[in-house]
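Report on one structure; see the data block that follows.
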Amino acid sequence: MSMIGFVLGLGDRHGENILIDVTEGCVVHVDFNLIFHKGEYLPVREVVPFRLTRNMVNGFGPTGVEGSFRRSCESTLRVMRENKDTLLTVIQTFVHDPLLEWINTEARAQQNKGRGQQKLNAPSTESVQLILKRLEGHIVSPEASTNNLDYDVVIIPKTNLMKWVYKHKFSCAPMSLEGQVAKLIDIASDEKNLAQMYIGWGPFI
């Protein structure tokens, strides 16, 4: 699920959104509101590709990320790369469906008020391009953000406020499957990146 979340841009993976099925012992992800890279446009931008805190690594046992976790990540990403055309075809339907709109309910709007979330709609064409780039082996890492991102100024709807939003740039060459997984694990577990996460995300857990 970590690789799927990275490719699809799934954010907001705090402890209440990653549950355990006590019957079968399976991990169950809930609340997919911040999908298609929406977490990267929050006032407190999410800079890790998936949740890989110290507590999670400790739960993997003595091998940590070097055991079945890394092998599972590589296997999952390999399958997604080999079937990227099918995956992108499914995702394109969300972009071109004029009837689809993901709207926050009033309760969710109040819940997300502290993070400055606005009304979020269906994924844009830019989101599809980001997914394609990630499937090709590209990574926009936090440490490259300063030099590899451009910024635009946009007006927040129904207000006179302005905010900065960044445009993605991919300047690095595509990485191998193993190299991409290794880099993602490093980014996700880097304490400097975790320290920049929103406090409600629970980076210390």
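No lab work stands behind these numbers, since they all come straight from the coordinates. Computed from a prediction, not measured in an experiment: that's the story for all the values here. Here the Cβ is made from the backbone with ideal geometry for all residues, glycine too, and neighbour counts use every protein chain on show.
General remarks:
- For VAL128, VAL28, order by how many other beta-carbon atoms lie within 10 Å, fewest first: VAL28, VAL128
- Once both labels are positioned 7 Å from their Cα atoms along Cα-to-Cβ, the gap between ASN83 and ARG54 label points is 3.8 nm.
- Contour excess over end-to-end distance, with Cα ends at LEU19 and THR93 and 0.36 nm allotted per residue: 23.8 nm
- Fraction of the pair-distance distribution of segment 38-82 above 16 Å, Cα-Cα pairs, percent: 55
- Net charge contributed by nearby residues that have their C-beta within less than 15 Å of GLY137 (K/R +1, D/E -1): +2
- Cβ-based net charge around HIS29, under 14 Å, with every Lys or Arg adding one and every Asp or Glu removing one: -2
- Distance between modelled label sites at SER176 and ALA195, nm, 7 Å Cα→Cβ extension: 3.3
- Each peptide in 65-75, 35-45, 4-14 was scored by the mean count of other Cβ atoms within 10 Å over its residues; highest first, the order is 4-14, 35-45, 65-75.
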